[in-house]
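For reference, the structure discussed in these notes is given below.
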Amino acid sequence: MTATDTTDTTLRTVTLNVNGQTIHQQVEPRTLLAYALRDAGLKGTHVGCDTSSCGCCVVLLDGDTPAKSCTMFAVQAEGHQITTVEGLGGPGNLHPLQQAFWDQHGLQCGYCTPGMLMTAKAMLEHNPDPTDQEVREFLSGNLCRCTGYNNIVKAVQQAARVMRDEAQAQALAGMVPGTDPSTGTAGGGAQ
């Protein structure tokens, strides 16, 4: 490095908590979180624009805050809980949003889908009963070139209903006499 070259290419070890697992990775300070995640084998986080315009790279920070990982450095993500689309669910155990996107044909090519799913999950954490207009507004930072958004909105609404029903069933299970609220099973646990 010369006196006029201020680029720091020194590798740093970052410790990222992704989908409940700890990842240690060597990165340059300028490495974007999207690329660090992809280098760690998490290919669900897509990069479509590198300018935060398309939303393909959205991940969740600390459970419910959507972040465009193409404009966040990996070193900035240390100390946060990161959830990628791989952390939602998988074959045989789909998250209600994933199932709804399937049921409602809320995807075509699928490139934007991970960002749509993560953004929709964040919205439903804050607003479990959104209107169609609220869904459209919250997803306005996510671009899709294929679907026209109608089926995406239908999918988010289906997932919202399922998630509300699941939350209500869990709440009722906790109120049933003789049921252990922490497990939802009869008998109150081991004696």
Filtering the stretch 18-32 down to residues that are outside any strand (DSSP E or B) and closer than 14 Å to GLN81 by Cα yields ASN19, GLY20
All but one of (1) assigned to a loop (DSSP other than H, G, I, E, B); (2) more than 30 Å from GLU28 (Cα to Cα) hold for ALA120, so report the exception by its number. (1)
Of all residues making up the stretch 33-44, the number that are without any contact (Cβ under 8 Å) to a residue 40 or more places away in the chain, in a helix (DSSP H, G or I) and not small (Gly, Ala, Ser): 3
Which listed residue is at pLDDT below 95, in a helix (DSSP H, G or I) and either within 30 Å of CYS56 (Cβ to Cβ) or touching a strand residue (DSSP E or B) at 6+ places or on another chain (Cβ under 8 Å) (or both), from ALA167, ALA155, ALA159: ALA167
Would you please name the residue that is farthest from the chain's Cα centre (by Cα), looking only at residues in the stretch 53-86 that are under 20 Å from GLU28 (Cβ atoms) and hydroxyl-bearing (Ser, Thr, Tyr)? THR71
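The values are calculated or read from the model by the stated rules, or taken from the named source; none is laboratory data. Predicted model, so just to flag it, every value in this text is computed and none were measured. Quick reminder, even Gly has a Cβ in these numbers, built from the backbone with ideal geometry, and neighbours come from all protein chains shown.
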